[in-house]
Amino acid sequence: MNTETYPHSEEKLPLLDGLHEQYNIHLDTFDGPMDLLLHLIRKNELDICAISIAVITRQYLAYIKLLKELNLEVAGEFLVMAATLLQIKSRQLLPQDEQEEPEPEEEDPRSELVRRLQEYQQYKEAGMLIGARALLGREVFLRTAAEPVLVAAQNTEGPLEVSLFELVDAFRALLQSIPEEQFHDVAPGDSLSIADCINEILSLLQERETVQFDELVRDELTRERIIVTFLALLELCRLKLIRIFQVDHHGPIWFVPAVAMSSAEV
Amino acid sequence: MNSELPAIIESLVFTADSALSTDRICELLPEFDRNEIKTALSELVESHRRRGGGFEIVEVAGGWHFRTLPALHGYITRHIKTRPAKFSQSSLETLAIVAYRQPITRAEVEHLRGVDCGGVLKSLLEKHLVRILGKKDIPGRPLIYGTSKEFLEVFGLKDLKSLPTLREIQALDEVPLFERQEELPLEPEKAVPTEGELPFS
Amino acid sequence: MNSELPAIIESLVFTADSALSTDRICELLPEFDRNEIKTALSELVESHRRRGGGFEIVEVAGGWHFRTLPALHGYITRHIKTRPAKFSQSSLETLAIVAYRQPITRAEVEHLRGVDCGGVLKSLLEKHLVRILGKKDIPGRPLIYGTSKEFLEVFGLKDLKSLPTLREIQALDEVPLFERQEELPLEPEKAVPTEGELPFS
């Protein structure tokens, strides 16, 4: 994702050629640092379990340096991996105290990385296997002609087939087609909206007859949460969807659906 | 004759959206002789008739197509009632508005969609995806709509909180925090002092 | 067994506009016994394979349908306009991770791949290969993803158990990375209501 474009500048090319000879790193698109590491391991004919961190780190950094010299963008992920490699290497350089029993967590500093690489390699291979299958619309085709007997009858009764993404997408498309000022969002903001909170309360009331205020805020006792919940309750009350009551002073606040579910359903 | 030819022709007729004429088949298969193709077609007709399946290949109105046996139409029409109903764009939009903006009145839904939604709301009510929550205390006392338990079941949601928000979908392909950060200077030669010189610098 | 049954089933599958599950076929044919129907289905598979035609009946995404033989695609694309979905390495990797690891969050996919996956996930959602299953019950309530029915259909898989088995890892430590993490509470039976068993667990 980072090296999709080949360099345009002429004077950089000799440098690139030199590298081709010395390291044989081709500027393919590497799908992230894991992909690059696997490539380096294979190039050096190393076993993932017995990688030489020194060799791999040097080549990995060389690749990043090359990208930079070619003025290609180096994504943050590649730098994070560089830091991880350097950290593993520095841990390997630390003198080992041979007298002491090795602590249980003092495992090979490489092992975490090795595990990630192995797992990544599995999915990379599985992805290639899946991609090599005969695909519908590419190698395999269905009958497209509609059966005349069935064409006449349109059906609206059957089981529904629609995905969640289609639902959100329909909503998104709709909002985009509406001028900004007509669309009134109850509480825009980054975290919690009154609309979300109303949905939450309605969803709870589908399951139970009574809900206590404390239950709504118990999991997240923040000022924002309490205020938003309170406003959501006021809104629901204003819409006459719930009734709120409190038995004792300072006692728990309860609320119930204003209309019994059975009578509300038509 | 190429022994694969009947299968090739069969696959062409099968995937065509309307009847394929012999001429068209010959056009599509220039490497085969017209007579070969004609022989293969009669072979196909014969082999489908012989195997006694649920459909046959026939030539009608100048074209070849597959047709189910009329004797079986009584069975075929049965699945009209149970085949999955494709959701119309208007029901999907209306359902989305109710889901994301509930509690909501019909007038509010119509304001957002810009068209009359009475029929769509009624069919959503009949499908039990939408329910009436109560009446709004304004003149006219309009009905207030929300989604139902069945709505959650159809979409496999635990509760309404699990509905993905617009923001979450939009945030997917935004540039991650990571890459917006100022890049830190990285000097490999200094960071790896023991590894010796890099091959270029 | 009723000697007409394979032909009846064949006509149903042939005319359905999406794959028909064995359950649906049984529902449509209440006068026949489930076992009879199953026997007839395997007979159909066998007879179509034997006759060596241009298409076959296969079980995909939990349902039966007819599809052409992959070997013939060179002929079919002569008259069918295709816009074959192009899959980059990153989308295949991401798809594989979602398929084998579902239900999974974006952060978990990114941890495995080591790169941002928002854009890839969004394009897989738009291709309907990946779907949103809901939200995970952990702080931040991230969206959880799984593969869709279309995924199985497009890749010609009967169910998730038919995914290619992952190559065994000769691990330093037998426990895969993810299982060493603290288990987060998630209710997969609610989140993945329709997809059946995962290929491993």
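Every number in this text was worked out from the coordinates using simple rules, so none of it is lab data. Since we're looking at a predicted model, the values are computed, not measured. Note that we place each Cβ from the backbone using ideal geometry, even for glycine, and neighbour counts take in every protein chain shown.
Could you tell me the relative contact order of the range B:1-120? Use alpha-carbon pairs under 8 Å, at least six residues apart, and round to a whole percent.
The value is 19 percent.
Which whole number gives the average, over all residues in A:206-219, of C-beta atoms from other chains lying within 10 Å of the residue C-beta?
1
Check which residues have an amide H placed less than 5 Å from C:A85's amide H, if you skip close sequence neighbours.
For C:A85, whose amide H was placed from the backbone, there are no distant partners under 5 Å.
Test of understanding: ordering B:V130, C:V45, C:V154 by Cβ neighbours within 10 Å, fewest first, what list do you get?
Placing the least packed residue first, the sequence is C:V45, C:V154, B:V130.
Measure out, as a whole number of angstrom, how far apart the alpha-carbon centroids of the range C:11-90 and the range C:116-148 sit.
Taking the Cα centre of the range C:116-148 as reference, the centre of the range C:11-90 is 29 Å away.
Could you pull the copy-to-copy label distances for B:G119, with points set 7 Å along Cα to Cβ, in nm to one decimal and sorted shortest first?
4.3
Residue-wise, which Karplus ³J(HN,Hα) couplings in Hz belong to the range B:121-128, taking 6.51 cos²θ - 1.76 cosθ + 1.60, θ = phi - 60°, and x for glycine or proline?
So the Karplus estimates, Gly and Pro as x, are 4, 4, 6, 5, 5, 5, 7, 6 Hz.
Rank these for me by crowding, A:E45, B:E174, going from fewest to most other beta carbons within 10 Å.
A:E45, B:E174
With an 8 Å Cα cut-off and a minimum separation of 6 or more residues, compute the relative contact order for the range C:89-154 in percent.
Computed over the range C:89-154, the figure is 35 percent.
Roughly speaking, what is the stretch gain from B:E150 to B:N35, that is 0.36 nm per residue apart minus the C-alpha to C-alpha distance, in nm to one decimal?
35.4 nm
Taking square-rooted eigenvalues a ≥ b ≥ c of the alpha carbon gyration tensor, is the range C:5-79 rounded, prolate or oblate, where a/c under 1.5 means rounded and, failing that, a/b exceeding b/c means prolate? Don't skip to the end; give the middle numbers.
Values: a/c = 2.66, a/b = 1.87, b/c = 1.42.
Taking the square roots of the gyration eigenvalues as a ≥ b ≥ c, the range C:5-79 is prolate.
Output the pairs from B:K149/C:K86; B:K127/C:K149; A:K43/A:K124; A:K240/C:K136; C:K122/C:K158 with a Cα-Cα distance over 28 Å in this structure; if there are none, say none.
Long pairs (Cα-Cα over 28 Å): B:K149/C:K86; A:K240/C:K136.
Measuring nothing but label to label, 7 Å from Cα along Cα→Cβ, what are C:V45's distances to the other copies in nm, shortest first?
Spelled out, the distances from C:V45's label point are 3.4 nm.
Assume the label is 7 Å from Cα along Cα to beta carbon: what separations in nm does C:D23 have to the matching positions in the other copies?
5.0
By count of other Cβ within 10 Å, fewest leading, how are A:T210, C:T22, C:T68 ordered?
With the fewest neighbours first, A:T210, C:T22, C:T68 line up as A:T210, C:T22, C:T68.
Can you classify the range C:89-154 as rounded, prolate or oblate using the Cα gyration tensor, where a ≥ b ≥ c are the square roots of its eigenvalues, rounded means a/c under 1.5, and otherwise it's prolate if a/b beats b/c and oblate if not?
oblate
Which residues' amide hydrogens lie under 5 Å from the amide hydrogen of C:R131, considering only partners 5 or more residues apart or on another chain, with H built in the peptide plane?
The list, which skips near neighbours in sequence, is C:G146, C:T147, C:S148.
Using R₀ = 45 Å, calculate the FRET efficiency as 1/(1 + (r/R₀)^6) where r is the Cβ-Cβ separation of B:E126 and B:S3; round to 0.05.
The pair B:E126/B:S3 has a calculated efficiency of 0.20.
Which GluC sites (Glu not before Pro) does the range C:18-76 hold that lie in a coil by DSSP with at most 11 other beta carbons within 10 Å?
C:E31
Please give the charge dipole size of the range C:37-145, origin at the Cα centre, charges +1 on K and R Cβ atoms and -1 on D and E Cβ atoms. Round to the nearest 20 debye.
The dipole magnitude comes to about 320 debye.
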